[in-house]
There are 2 protein chains.
Amino acid sequence: MDCLFCKIIKGEIPSVKIFENEKIFAFLDVNPLTEGHCLVVPKQHYENIFDIDKEVLKDIISLAKDISENAKKNLGATGAQIINASGKDAEQAVFHFHLHIVPRYLGDGLEMNKWWQSKAKNLSIEDLRKTADKLLK
Amino acid sequence: MDCLFCKIIKGEIPSVKIFENEKIFAFLDVNPLTEGHCLVVPKQHYENIFDIDKEVLKDIISLAKDISENAKKNLGATGAQIINASGKDAEQAVFHFHLHIVPRYLGDGLEMNKWWQSKAKNLSIEDLRKTADKLLK
């Protein structure tokens, strides 16, 4: 399979690895949002959150917590963000499941909430109830 | 404790609940980015990824996968995003751990990558290795 992350895991494409065990692999993002921005991926090729094995997903979030703590302790981060995109319409770019860990710093300038607030709607409880009825049907 | 999400969990502030068990609670975001945008939170008050119990965190990501699948099946979502912000400098707004699940749809207009690409740097493997050395020390 012609998958960028499968090649990185196999060492066919260079990366800066920060963790590896039998099931998961973590490496620094070559286009980081902040210092220490990394990706945690399953070694087995799953495309996204829809097809990934739940136990592997749990291992991945557990490592994300450890890495966030390390970034705080060793890089001076004062916060962290966890981000996943699953599916082309979710703007996923590489179709091998990956969880971004983005250490955050005072004055790092990301201003994600500026983007967020420009997109968020303000709905009533009644509007939301219609969605919940559909979601839970 | 004067915590918005603790009050929502206790029913003191109205919300549209979509899941509840002994440990976790999920409800629709009243300022959604897309239809079905919801929050999964621990019932016990943890502030963020740094202090949350790992087992609870695993339960939360597991439910996030289930909800993503439901949004695909019942709302017609074609993708999903998972987002957490931990810490004031990560632009966390409510200091009770919460994982956003944002169902994504063709043409939903979020354009997160426009924001992302405006902030990302382009680093060399050598630059990244310095960060890894600090992170793993």
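Checking B:SER68 against (1) of a type outside the set (A, V, I, L, M); (2) surrounded by fewer than 22 Cβ atoms within 10 Å (Cβ to Cβ); (3) under 17 Å from A:ILE83 (Cβ atoms), which single condition isn't satisfied?
Evaluating B:SER68 over (1) of a type outside the set (A, V, I, L, M); (2) surrounded by fewer than 22 Cβ atoms within 10 Å (Cβ to Cβ); (3) under 17 Å from A:ILE83 (Cβ atoms) leaves (2) as the failure.
Return the pairs, sorted by first residue and then second, in which the second residue is charged (D, E, K, R) and not in a helix (DSSP H, G or I), the first residue lies in region B:126-137 and is at the interface with another protein chain (Cβ under 7 Å from one of its Cβ atoms) and free of Cβ contacts under 8 Å to residues at least 12 places away in the same chain, the beta carbons are less than 7 Å apart, and the residues are 6+ apart or on different chains.
What qualifies is B:THR131/A:GLU35.
How many residues are open to solvent by 40 Å² or more (accessible area, probe 1.4 Å), facing chain A (nearest Cβ under 7 Å) and assigned to a helix (DSSP H, G or I) when one looks only at region B:113-124?
2
Considering each of B:LEU110, B:LEU106 in turn, give the residue that is touching a residue at least 24 places away in the same chain (Cβ under 8 Å), part of a loop (DSSP other than H, G, I, E, B), facing chain A (nearest Cβ under 7 Å) and crowded, with 19+ Cβ neighbours inside 10 Å.
Exactly one residue qualifies, and that residue is B:LEU110.
Can you find, within region B:1-23, the residue that is surrounded by the fewest Cβ atoms within 10 Å (Cβ to Cβ) among those that are more than 16 Å from B:PHE95 (Cα to Cα) and more than 9 Å from chain A (Cβ to nearest Cβ)?
B:GLU22
Can you name the number of the only condition in (1) open to solvent by less than 10 Å² (accessible area, probe 1.4 Å); (2) part of a helix (DSSP H, G or I) that A:ALA26 fails?
Among (1) open to solvent by less than 10 Å² (accessible area, probe 1.4 Å); (2) part of a helix (DSSP H, G or I), A:ALA26 violates only (2).
Looking at (1) touching a residue at least 60 places away in the same chain (Cβ under 8 Å); (2) more than 7 Å from chain A (Cβ to nearest Cβ); (3) in contact with a Lys or Arg (Cβ under 9 Å, 6 or more places away or on another chain); (4) open to solvent by less than 10 Å² (accessible area, probe 1.4 Å), which one does B:PHE95 not meet, given that it meets all the others?
(4)
Where residues in region B:36-56 are facing chain A (nearest Cβ under 7 Å) and surrounded by 22 or more Cβ atoms within 10 Å (Cβ to Cβ), which of them is farthest from B:VAL102 (Cα to Cα)?
Of everything passing the filter in region B:36-56, B:ILE49 is farthest from B:VAL102 (Cα to Cα).
The values are calculated or read from the model by the stated rules, or taken from the named source; none is laboratory data. In this text, all values refer to a predicted model and were calculated from it rather than measured experimentally. Ideal geometry is used to build each Cβ from the backbone, glycine not excepted, and the neighbour counts take in all protein chains shown. Quick note on the areas: whole protein, heavy atoms, side chains included, nothing else; ligands and nucleic acids left out. Shrake-Rupley method; radii C 1.70, N 1.55, O 1.52, S 1.80 Å.
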